[in-house]
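S.K.: One structure is given below, represented as structure tokens, and several questions about it will come after.
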Amino acid sequence: MEASYLKTYRAGELSERIKQSWALLESCRLCPRNCAVNRLEDKRSVCRTGRKAVVSSYGPHFGEEPPLVGRRGSGTIFFTWCNLRCQYCQNYSISQLGEGEEVEDEKLAQMMLSLQAMGCHNINFVSPTHVVPQILSALSIAIKGGFRMPLVYNTGGYDSVETLQLLDGIFDIYMPDMKYSDEKVARELSGIKNYPQVNQDAVKEMHRQAGDLVVDEHGVAQRGIILRHLVLPQGLAGSEETFRFLAQEISKDTYLNIMDQYHPCYKAYDHPQLGCRITGEEYQEAIQLALHYGLRRLDARRAWVLQ
């Protein structure tokens, strides 16, 4: 299956999307925080990123969902900083402490081409929300260098529909988190306003563009949406409402990874409910809730829970 952005590029539309995305940085409204600083002049606000993207690392990744990893790995590029402030972030040295270095768009394009040459199945942009213009500019450069791989938008889920619409016909695979169902919990644990509604609107737009996950004969993702939901201690993630939303407003065929790897780190021990791992019972309850709402495509790595 040909990557969607190639058609967009040949039609001359990619250059216009690039212009529109950079315009969002002049008084930044790239994400729902709408900080309104001029990032074109290298001003910075919540995401602490100015004109240039900051990259922590890149390379083949074999720890992602099976449809992304396949046999040759997902070509992952980790962007530094984030528009969230999750108190328990497991990658906090990257997302909160700024581990990484600024790169020009040309360098980002070279990373993409290098991962393609390594044989990876896709390019997986981790925390892309605050650097969409830089990604699109790098994509245009990479295409001229022979780049042809599908793109993965791997996000915490606090995304603007306006920005996502610029990605229609460019990203084939979306992989958002659905972190919370409760506004108060989202404010307390990630420092963001109106997360549930913003997140649901973003997931609807991603699904409108890409649909349910489609894989090739080897089980490798070609197009569609992969949903991630991390189970938190004492029901803080609001799993039931998330599963109800997916089943009733998105699709019961949504590929859903219900993640069990929560462990306390960063500032988690400062919170009375985050200082412990989840129990087996809490995780199994989440699985049963997903099944109750008719969700059919749960991550295969978790099938042992159902036995």
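Bear in mind these aren't lab numbers, they're just calculated from the coordinates by the rules spelled out. Everything numeric here is computed off the predicted structure, so don't read it as measured data. Don't worry about glycine lacking a Cβ; one is built from the backbone with ideal geometry, like all the others, and counts go over all protein chains shown.
S.K.: Enumerate by residue number the GluC sites (Glu not before Pro) in the stretch 4-33 meeting two conditions: DSSP loop (anything except H, G, I, E, B), and at most 14 other Cβ atoms within 10 Å of the site's Cβ.
M.R.: Loop-located and lightly packed - E26.
S.K.: Okay, next question. Please give every one of the lysines within straight-line cross-link reach of K252, meaning a C-alpha to C-alpha distance under 16 Å, and leave out same-chain neighbours fewer than 8 residues apart.
M.R.: K204
S.K.: Go through the stretch 64-126 and name the trypsin sites (Lys or Arg not before Pro) that are in a DSSP coil and have 13 or fewer other Cβ atoms within 10 Å of their Cβ.
M.R.: Listed in order of number, the matching sites are R71.
S.K.: A further question on this structure: What lysines could a cross-link reach from K107, if we take a straight Cα to Cα line under 26 Å and drop same-chain neighbours fewer than 8 places away?
M.R.: Leaving aside lysines fewer than 8 places away in the same chain, those within reach of K107 are K7, K19, K43, K52, K144.
S.K.: Would you mind calculating the relative contact order of the chain from Cα pairs under 8 angstrom and at least 6 residues apart, reporting the percent as a whole number?
M.R.: Reported as a whole number, the value is 16 percent.
S.K.: So which cysteines in the chain don't have a second cysteine's C-beta under 4.7 Å from them?
M.R.: For the chain, the answer is C28, C31, C35, C47, C82, C120, C265, C276, because their Cβ atoms have no other cysteine Cβ under 4.7 Å.
S.K.: Further question on the same structure: Placing +1 at every Lys and Arg Cβ and -1 at every Asp and Glu Cβ, with all other atoms neutral, what dipole size does the stretch 88-220 have around its Cα centre, in debye to the nearest 20?
M.R.: 60 debye
S.K.: Using modelled backbone amide H atoms (1.01 Å from N, in-plane), which distant-in-sequence or interchain residues come within less than 5 Å of R223's amide H?
M.R.: It is V214, by chain and number.
S.K.: Could you tell me which GluC sites (Glu not before Pro) in the stretch 201-299 are loop residues by DSSP with no more than 10 other beta carbons within 10 angstrom of their beta carbon?
M.R.: Values: sites: E205, E217, E240, E241, E249, E281, E282, E285; in loops: E217.
Here the GluC sites (Glu not before Pro) that fit, given the DSSP loop and packing criteria, are E217.
S.K.: Related question: Direction-averaged shadow area of the convex hull around the Cα atoms of the chain, nm²?
M.R.: Details: hull surface 58.1 nm².
With the hull built on Cα positions only, its mean projection is 14.5 nm².
S.K.: OK, next. Helix 280-292 versus the longest principal axis of the chain: what is the Cα-based angle in degrees, 0 to 90, to the nearest 10?
M.R.: 70 degrees
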